[in-house]
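Structure first, then comments.
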Amino acid sequence: MNESNTLILRTAALFLMPLQLLFSVFLLLRGHDEPGGGFIAGLVASGAVVLFLFSYGVREARSLLRVDPRDLLAAGLLFGLASVFPALLVGDPLMTAQWWYLPMPGGGTLKLSTPLIFDIGVYLTVVGAILTMVFALSQAESDA
Amino acid sequence: MSLAALPILVPLAAGALSVAFWRSVAAQRAIALAGTLILLFVSILLMQQVHSEGFVVLHMGGWQAPLGITLAVDMLGAIMVLLTGITGLAIALFSLGDTPERHEKFGYYPLMHLLLAGVAGSFVTGDIFNLYVWFEVMLIASFALLTLGGERAQMEGAIKYVTLNLFSSAIFLSAVGILYGLVGTLNMADIAQKLGQVEDTGMVNVVAVMFMVAFGIKASAFPLFFWLPASYHTPLVGVSALFAGLLTKVGVYSLFRMFTVVFDHDVAYTHTILLWVAALTMLSGVLGAAAQFEFRRILSFHIISQIGYMILGLALYTPLAIIGGVFYIMHHIIVKTTLFLVSGVTYRLTGTHELSELGGFYRERPMLSVLFLIPAFSLAGMPPLSGFFAKLIVIRAGIEAEAWTVTAVALLVGLLTLYSMVKIWAEVFWKARPEAEDGVQRPEPRTEGLVWMYVAITGLAACTIFIGLNGQPIYNLAEVAAEQLMQPQGYIDAVLEGRP
Amino acid sequence: MEALYAATVGVLMACGIYLVLRARTFPVIMGLTLISHAVNLFLFATGRLALRAPAVIGQSETYTDPLPQALVLTAIVIGFAMTAFVVVLALRAVVELRNDHVDGVDPDEDWRP
């Protein structure tokens, strides 16, 4: 896909993208107890990159991402897989959710859990899969 | 410890690892081989566990049935998982020799693992919605494998395949919805138990028929089989063989599961429909094959006619018939995969699948000819190969049930199957290879990697002979499976044990 | 409300089936999408329709069955993946076949592959 020549879109994309990425992380982290989660967070994040792609082209988007989307996909799958096994170490049935509470300086507690690991896996998988697909499509279009 | 989750986890892990190594084809090949070997090993262990304990149940995440997702493997499930392991390993071996590097780079191996995970998942799950999820996992992997390479014929076949399969998923999902509305549970054992108390039997029949249609499309039963011959001959041979061996059988397995354990309330109604479906499926498949002159298309149509035999076993609904159906599935998965793989070798050596352009293989490759004859005669039902016993049991069950018409159809279809196999034999192996027309350059036969392909085919052919020679132990396994299906109370108790 | 809801599902399904029966890939994809929407709505209704009843215990006096909502969520995610794949497939097919007929050959055109 050729990059867009609209000044408005180009400028807006630069401002919107960081916001969208931040928002996606926010959605990811509040996911387990409240509306949110890895899947839609991943969609929002890939939306951010796709918006950038529309305004600056595939090559710029690829170099912005630095890593290949397929690596993100692989990392996501491995994260997802990794979240299955901690339950076995404690002796619970497979896939039982495990929670760890870490006291933080300043009085709060950090809640870590296998669902969170799984959500991160979903997040990376969604981002990786969508970007692999969109990159391939726009590459094919600009080659044709 | 329950092994029920391993047949899913092993291919998923192998798939994730091969995505991680997407840069290195060599690593992906090693993972493919190791992953399928481990899968076969795990499936043998699972079979042992089921054999000694009867049922292997695993409540995921510690949620007791019927609340959580339960994996429940009975003998039928264990047999199917074992066959998945065997087929998976054979396909992985064959792919090492036959897959072009272009396909390997575009994710052939991860998709293969994903497909195996979906298939194995469908066989081990005890939850109807989870079954839907595994169906979709399997479908999306199969869509991608079908279109890998992106050739003209593939695109055309894929559009039909995708549309009909998505439609069947929609029907499946609606049926799950109605069922949940009726009984308020998704656990198959729990559904089976509560369905008897539902007063609205008309509605139960509606749901049963919806499931029949949804699984019928996936199993390519009459009249909804058109997507199969339109698409199965288009992808790589390894992919075709994988589909031919496993995909439609997932539909058949689901029919077996649903129409023994769950829907046994009105056998006179549902299983009579199935009986007609079986007869027409057998007939239309074999007649379609008779009209074809392309190697893989003939084989594709024969999948359909063979599906008819399996459904016949289910539809007669006597213990012997169910044994026959299960035995037929075992025999068919192995034989069909072998035949497709043989067509892959002839394609490699000549660059065509058209019968008119093939020929002369008996003189050039006597070994390959033998490897074709074993599964071909087995498919047609010659003693002492596996197909003979499979057909014998089903037909004997038909005679005992006094279903004369269907039995006659089954016998006739057996004869026509032999005709098709003899046709392939005469055209591909016996007759001399026709001279190329002037100006048409035949592609040079590519022989690299042929060893892997031969290893895969020989292994599967050995399995066919093994089943044929060891009819009794295999029959005993099928008998255990049939007993568990005909008396679902054992399954129900095993799943719901320890329920609040 | 039930009648309206049922009518919505019915109309979506009817439109979807009509579109799936068309001969071009784009309407077929739209049809499949509409069918999956209809099925999702239907699935949602299997937990019975209720007003002002969240799917969480303790938020109000009554609560609805959360399971159909979880099922719909799963079905939506799967449907999303399927739709994305079919769109990619159809685009590739258009490039490869040079037309968007489901049979791969456009009967209205003289040009043949």
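The values are calculated or read from the model by the stated rules, or taken from the named source; none is laboratory data. Just so we're clear, the structure is a prediction, and the values are computed from it rather than from any experiment. Every residue, glycine as well, gets a Cβ built from its backbone with ideal geometry; the counts of neighbours run over all protein chains shown.
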Seminar exercise, completed: When every residue in the range C:65-113 that is among the basic types (K, R) and out of contact with any helix residue (DSSP H, G or I) (no Cβ under 7 Å at 6 or more places or on another chain) is compared, the one modelled with the highest pLDDT is C:R98
Exercise. Can you name the residue in the range C:84-104 that is within 7 Å of chain B (Cβ to nearest Cβ) and in a helix (DSSP H, G or I) and is also farthest from A:G42 (Cα to Cα) among such residues?
Worked result: C:L97
Problem set entry | Of all residues in the range C:6-20 being at the interface with chain B (Cβ under 10 Å from one of its Cβ atoms) and over 11 Å from B:S174 (Cβ atoms), the one that is surrounded by the fewest Cβ atoms within 10 Å (Cβ to Cβ) | C:I17
For this session: Go over the candidates B:G121, B:G61 one by one and state the one that is at pLDDT 90 or above and assigned to a helix (DSSP H, G or I).
Result: B:G121
Problem set entry | Lone unmet requirement of (1) within 9 Å of another protein chain (Cβ to nearest Cβ); (2) within 20 Å of A:G37 (Cβ to Cβ); (3) outside any helix (DSSP H, G or I) for A:K111 | (1)
Exercise. Which residues, counting only those in the range B:350-373, are outside any helix (DSSP H, G or I), farther than 19 Å from B:L236 by Cα and without any contact (Cβ under 8 Å) to a residue 24 or more places away in the chain?
Worked result: B:R365
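This table checks each residue for (1) more than 26 Å from B:H59 (Cα to Cα); (2) free of Cβ contacts under 8 Å to residues at least 12 places away in the same chain.
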residue: A:D68; (1), (2): yes, yes
residue: A:L89; (1), (2): no, yes
residue: A:L94; (1), (2): no, yes
residue: A:L110; (1), (2): yes, yes
residue: A:S113; (1), (2): no, no
residue: A:V127; (1), (2): yes, no
residue: A:S138; (1), (2): yes, no
Problem set entry | Criterion: touching a Ser or Thr at 6+ places or on another chain (Cβ under 9 Å), modelled with pLDDT of 90 or more, farther than 25 Å from B:K249 by Cβ and among the small types (G, A, S) - qualifying residue of B:A72, B:A90, B:A27, B:A16 | B:A27
For this session: Tell me which residues, restricted to the range A:80-93, are part of a loop (DSSP other than H, G, I, E, B) and within 8 Å of chain B (Cβ to nearest Cβ).
Result: A:V84, A:D92, A:P93
Exercise. Considering only residues of the range B:17-30 that are within 12 Å of chain A (Cβ to nearest Cβ) and in contact (Cβ under 8 Å) with a residue 40 or more places away in the chain, which is farthest from the chain's Cα centre (by Cα)?
Worked result: B:W22
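One line per residue, one yes/no per condition, for (1) touching a residue at least 60 places away in the same chain (Cβ under 8 Å); (2) in contact with a strand residue (DSSP E or B) (Cβ under 6 Å, 6 or more places away or on another chain); (3) surrounded by 24 or more Cβ atoms within 10 Å (Cβ to Cβ):
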{"residue": "B:A268", "(1), (2), (3)": "no, no, no"}
{"residue": "B:A278", "(1), (2), (3)": "yes, no, yes"}
{"residue": "B:M282", "(1), (2), (3)": "yes, no, yes"}
{"residue": "B:F295", "(1), (2), (3)": "yes, no, yes"}
{"residue": "B:I304", "(1), (2), (3)": "yes, no, yes"}
{"residue": "B:G313", "(1), (2), (3)": "yes, no, yes"}
{"residue": "B:V326", "(1), (2), (3)": "yes, no, yes"}
{"residue": "B:F340", "(1), (2), (3)": "yes, no, yes"}
{"residue": "B:Y347", "(1), (2), (3)": "yes, no, no"}
Exercise. Can you tell which of B:A141, B:A175, B:A170 is farther than 30 Å from B:P488 by Cα and within 12 Å of chain C (Cβ to nearest Cβ)?
Worked result: B:A141
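For (1) among the aromatic types (F, W, Y); (2) buried (at least 16 other Cβ atoms within 10 Å of the Cβ); (3) at pLDDT 90 or above, each residue gets a yes or a no:
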{"position": "A:V49", "(1), (2), (3)": "no, yes, yes"}
{"position": "A:G57", "(1), (2), (3)": "no, yes, no"}
{"position": "A:A61", "(1), (2), (3)": "no, yes, no"}
{"position": "A:A75", "(1), (2), (3)": "no, yes, yes"}
{"position": "A:Y101", "(1), (2), (3)": "yes, no, no"}
{"position": "A:T109", "(1), (2), (3)": "no, no, no"}
{"position": "A:T114", "(1), (2), (3)": "no, yes, no"}
{"position": "A:Q139", "(1), (2), (3)": "no, no, no"}
Seminar exercise, completed: Scanning the range C:27-58 for residues that are surrounded by 19 or more Cβ atoms within 10 Å (Cβ to Cβ), of a type in the set (G, A, S) and out of contact with any Cys (no Cβ under 9 Å at 6 or more places or on another chain) gives C:S36, C:G47
Exercise. Take the residues of the range A:54-79 that are over 21 Å from B:W22 (Cβ atoms) and assigned to a helix (DSSP H, G or I): which is nearest to the other protein chains (Cβ to nearest Cβ)?
Worked result: A:F54
Exercise. Does A:P105 satisfy being in a helix (DSSP H, G or I) and either on the phi > 0 side of the Ramachandran plot or of a type outside the set (F, W, Y) (or both)?
Worked result: no
Seminar exercise, completed: Among residues of the range C:59-83 being free of Cβ contacts under 8 Å to residues at least 24 places away in the same chain, facing chain B (nearest Cβ under 10 Å) and of a type in the set (A, V, I, L, M, F, W, C), the residue nearest to B:G157 (Cα to Cα) is C:A81
For this session: Could you run through the range A:21-38 and say how many residues are assigned to a helix (DSSP H, G or I) and surrounded by fewer than 20 Cβ atoms within 10 Å (Cβ to Cβ)?
Result: 7
For this session: For the range B:355-372, state whether one or more residues are in contact with a Leu (Cβ under 6 Å, 6 or more places away or on another chain) and modelled with pLDDT of 90 or more.
Result: no
For this session: Would you be able to tell me the number of residues in the range B:129-155 that are among the acidic types (D, E) and surrounded by fewer than 21 Cβ atoms within 10 Å (Cβ to Cβ)?
Result: 1
Exercise. Of all residues in the range B:196-211 being touching a residue at least 40 places away in the same chain (Cβ under 8 Å) and small (G, A, S), which is surrounded by the most Cβ atoms within 10 Å (Cβ to Cβ)?
Worked result: B:A208
For this session: Name every residue in the range B:480-495 that is part of a helix (DSSP H, G or I) and surrounded by 18 or more Cβ atoms within 10 Å (Cβ to Cβ), in order of residue number.
Result: B:V480, B:A481, B:A482, B:Q484, B:L485, B:Y491, B:I492, B:A494, B:V495
Problem set entry | Among (1) assigned to a helix (DSSP H, G or I); (2) free of Cβ contacts under 8 Å to residues at least 40 places away in the same chain, the one test that B:L39 misses | (2)
Problem set entry | Set B:A189, B:A244, B:A221: member being closer than 26 Å to B:A481 by Cβ, over 21 Å from the mean Cα position of the chain (by Cα), of a type in the set (A, V, I, L, M) and crowded, with 22+ Cβ neighbours inside 10 Å | B:A189
Exercise. How many residues are modelled with pLDDT of 95 or more and among the charged types (D, E, K, R) if we restrict to the range C:1-28?
Worked result: 0
Exercise. Has the range B:7-16 got at least one residue that is touching a strand residue (DSSP E or B) at 6+ places or on another chain (Cβ under 7 Å) and part of a helix (DSSP H, G or I)?
Worked result: no
